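Participant: The structure is given below, and queries will be raised subsequently.
The values are calculated or read from the model by the stated rules, or taken from the named source; none is laboratory data. This one's a predicted model, so the numbers in the text were calculated from it and none came from an experiment. In this analysis, Cβ positions are derived from the backbone assuming ideal geometry, glycine residues included, and neighbour counts consider all displayed protein chains. Ligands, DNA and RNA are stripped out before the accessible areas are found, and what is left, the full protein with its side chains, is counted by its heavy atoms. Shrake-Rupley method; radii C 1.70, N 1.55, O 1.52, S 1.80 Å.
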Amino acid sequence: MISTILTMALVTDHSGEIAVSKNLLPGTYSNEEQVYFEQDAGRQPPPWLSLKIVQSKNGWTLTEIDAHGHPQGDPVRISLSPSEKRDIITVGTCARYFNRTEDGWTYGAIQNRKACRQKFQIAGISSDGLKLRFPGGVETMLKRARAVECWAAVPKKIDKEDGSTNWLFQQNLTLHDQGGRVTVGGGESGAEEVTLRMRAVHWPPPSTNRPSMVLYIHKDDPDRAASYSWADIGASRVGINLRWMQASCTIKDAERPSEVTETNFRGWFCSGTSGGMNILVSIGLSTFASVQKTSFDFRPL
């Protein structure tokens, strides 16, 4: 997804000047990673902040949101006015000059003299995210988030009549990979409230930890997870099974087609029962076609 955004960002007009695509603006952004690692290092972090920019009828709107994606204020209008040497990006009533780069916009050294009273100033826009500057000069980087869709199952407080677990199953749960959260259960659902949180973690030097997609499960503590699982940063899906709950999250637009082909397929194994005995059979591609309609459970080798 990020590479697609980068491709859309690079446009050259008829004069040979760089023209940045408007498709670079929309997205969800968060400085979750910077805040976490600054705190972890014992330094004063910038204020936690997450923003959502969406296309509107006359440009775009910028809304401050919480980790669950809920608005935390009224949307602010954004407009873009391209010019020959630089572009003007107006947020609310504050217009500022931005220089075009091969990866977006940077805050121009030459500015108009109109005073702006803002909670923060956009200082850069790229395929990676938004660079913001707070009053006093503190800067922060809000990384561009990828959308994530999950399903989750949590037990209800009252079992079924036969004594078995009565599961609450929810799907189409949406969050994002920059600290986005979504809650399952709670309220009148009959199940304890559980929160899923997703992060795309890139440890800063000198750490040698490899970048990872991490799925956290929170119960009573919003900061400390009850448990978590992880996968390679390039994974398209992360799952977790804690017995008392299960979940699976898919990073949208990251799924890859199967690498299994007719030339590298090695066969299947199937398991079943016959006469009270367990059976494990390994079969090849030609045999599979004639037995696939049986009650055996087939799995790739």
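Participant: Any idea what the relative contact order of the range 137-252 is, in percent, if you count C-alpha pairs under 8 Å spaced at least 6 apart? Walk me through the numbers before you get to the answer.
Facilitator: Numbers: 252 pairs, mean separation 27.7, N = 116.
This gives 24 percent for the range 137-252.
Participant: Which of HIS218, TYR97, ASN172 sits farthest toward the positive end of the charge dipole of the range 93-246, with +1 on the Cβ of Lys and Arg and -1 on the Cβ of Asp and Glu?
Facilitator: Checking the options against the dipole of the range 93-246, the answer is TYR97.
Participant: So, one more: Enumerate the lysines that LYS85 could reach by cross-link, defined here as Cα to Cα under 30 Å, with residues fewer than 8 away along the same chain left out.
Facilitator: Partners within reach: LYS22, LYS52, LYS57, LYS114, LYS119, LYS131, LYS143.
Participant: Ordered by residue, what ³J(HN,Hα) values in Hz, to whole numbers, does the range 95-109 give under the Karplus form 6.51 cos²θ - 1.76 cosθ + 1.60, where θ = phi - 60° and Gly and Pro are x?
Facilitator: Once rounded to whole Hz, the list reads 9, 9, 7, 10, 7, 7, 10, 6, 10, x, 10, 10, 4, x, 5.
Participant: Continuing with this model, one more query. Can you compute the radius of gyration and Dmax for the range 90-215, using only the Cα atoms, both in Å?
Facilitator: When restricted to the Cα atoms of the range 90-215, Rg and Dmax are 22.0, 74 Å.
Participant: Note down the accessible area of MET198, probe 1.4 Å, to the nearest 10 Å².
Facilitator: Accessible area of MET198: about 0 Å².
Participant: When a/c is below 1.5 the answer is rounded, else prolate if a/b is larger than b/c, else oblate, so apply that to the range 33-95 with a ≥ b ≥ c taken from the square roots of the Cα gyration tensor eigenvalues. The partial results should precede the final answer.
Facilitator: On the way: a/c = 3.34, a/b = 1.70, b/c = 1.97.
Here the range 33-95 falls in the oblate category.
Participant: If ligands, DNA and RNA are left out, what is the accessible area of LYS52 with a 1.4 Å probe, given in Å² to the nearest 10?
Facilitator: 90
Participant: Continuing with the same structure: Using only the Cα atoms of the range 103-174, each taken as one equal point scatterer with no solvent, compute I(q) by the Debye sum, divide by I(0), and report log10 of the ratio at q = 0.19, 0.21, 0.24, 0.28 Å⁻¹.
Facilitator: Result of the Debye calculation: -0.87, -0.96, -1.09, -1.23.
Participant: Under 5 Å between amide hydrogens, which residues at least 5 positions from SER56 or on another chain qualify, with H placed 1.01 Å from N in the peptide plane?
Facilitator: Hits under the 5 Å cutoff: THR61.
Participant: Additional query: Amide H to amide H under 5 Å from SER50: which residues, 5+ apart in sequence or cross-chain, H placed 1.01 Å off N in plane?
Facilitator: ILE65
Participant: Charges only on Cβ, +1 for Lys and Arg, -1 for Asp and Glu: so what's the dipole of the range 183-241 about the Cα centre, in debye to the nearest 20? Show your work: numbers first, answer last.
Facilitator: On the way: 6 positive and 7 negative charges, 78 e Å.
For this selection, approximately 380 debye.
Participant: Using every alpha carbon pair in the range 54-129, what percent of pairs falls into each 5 Å bin from 0 up to the bin containing the largest distance?
Facilitator: 3, 13, 22, 26, 20, 10, 4, 1, 0
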